[in-house]
1. Test of understanding: in a Gaussian network model of the chain with alpha carbons linked when under 10 Å, which of HIS81, HIS73, HIS176 would top the mean-square fluctuation ranking?
2. Cross-link candidates for LYS194: which aspartates and glutamates have Cα within less than 15 Å, leaving aside residues fewer than 8 places away along the same chain?
3. Quick one: of the DSSP bridges fully inside the chain, what percent are antiparallel, nearest 5?
4. Please compare each pair in LYS139/LYS216; LYS117/LYS212; LYS216/LYS249 to a cut-off of 23 Å on the Cα-Cα distance and tell me which ones are over it.
5. Which whole-number percentage describes the relative contact order of the chain, with Cα contacts under 8 Å and a sequence gap of 6 or more?
6. Please compute the Kirkwood hydrodynamic radius over the chain, one decimal place, Å, based on all pairs of different Cα atoms.
7. Remind me, relative contact order of the range 22-67 in percent, using alpha carbon pairs under 8 angstrom and six or more residues apart?
8. When the Karplus curve 6.51 cos²θ - 1.76 cosθ + 1.60 is applied with θ = phi - 60°, which whole-Hz ³J(HN,Hα) does each residue of the range 255-260 get, with x for Gly and Pro?
Amino acid sequence: MYGVSIRESEITRAIVKSALKFLDEYSSVDVAIVGAGPSGMTAAYYLARAGLKTLVLERRFSFGGGIGGAASHLPSIVVEHPAAQILSEDFNVRVQDAGNGLYVVDPAEMIAKLAAKSIDAGAKYLLGINVEDVIYRDKPARIVGLAVYWSSIQMANIHTDPFFIEARAVIDATGHDAEVVSVVARKNPEFGLKVPGERSAYVDLAEDLVVKYTGKVMEGLYVTGMAVAAVYGLPRMGPIFGSMILSGKRVAELVINDLKRI
Ligand code: 48H
């Protein structure tokens, strides 16, 4: 074909060699981010840019989380200041002034550029991976990694033991259900974590509080994005995404600062 003869087994070897090299290299990372939604991808960009070995684990085969389906499936994402400026300046996303302090961006562009910018900064993504549990240590209590398996296995509903990824910091960016913090709260009650779930909508309050409460929930475990609202019982904000960007940036700054001190 095109002057080259392709052996089927060589295709297999190329896949297996490169995939295993990747999994080998990334079985231990500085930061594991669970979820490739707006907060997770934003965090990935700043963490990778700071030189940290950053891996994003996403259960779907696609980027973006809630960005794509954004405002009731209408193709516009609303953000406010200063997230609009951050999207424009750091991610090169085109931002349109919609008046009243609001700005509109194209969801497809936002997904593509958050992904591309974070990858160009050095972040790695593993798509189609479901995070089902954490690895912990006691004395002192801390989270030191994740237990994961392929999403297809989860969908097939057949039991398989997970494999492990060690991380100096784990970030829960799983959105409304705060899945990582929830599993720690359920399986390790001695750590005292609770996930009360988010409250009803109150945009002004929600946008500020989600950013304010972004951060460490216990040693080794951080929370960003909508998961913050679930963990701290904060109001939701509906189809406005400024706090997701600010929260992702903030968690990255906190993790960078903490990891520098260790
Ligand atoms: C692997 C997982 C797992 C798992 C989930 O929902 P997201 O977009 O999350 P955020 O917090 O970055 O953004 C929230 C925003 O999209 C939103 O919903 C808003 C602003 N709502 C306001 C309102 O009032 O409703 O993305 C989370 C990602 C998704 O892609 C999931 O597939 C993924 O995390 N994920 N990946 N293992 N256990 N759980």
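The values are calculated or read from the model by the stated rules, or taken from the named source; none is laboratory data. These numbers come from a predicted model, not from an experiment. Virtual Cβ from ideal backbone geometry, glycine too; neighbours counted across all protein chains shown. Side chains included, ligands, DNA and RNA excluded: accessible areas come from the protein's heavy atoms. Shrake-Rupley method; radii C 1.70, N 1.55, O 1.52, S 1.80 Å.
1. Comparing HIS81, HIS73, HIS176 in a Gaussian network model of the chain, the most mobile one is HIS73.
2. Answer for LYS194, where 15 Å is the Cα cut-off: ASP172, ASP177, GLU179, listed by chain and number.
3. 55 percent
4. LYS117/LYS212
5. Over the chain, the number comes to 22 percent.
6. Working: mean 1/r = 0.0528 Å⁻¹.
Its Kirkwood hydrodynamic radius stands at 18.9 Å.
7. 46 percent
8. Values, residue by residue: 5, 4, 4, 5, 5, 5 Hz.
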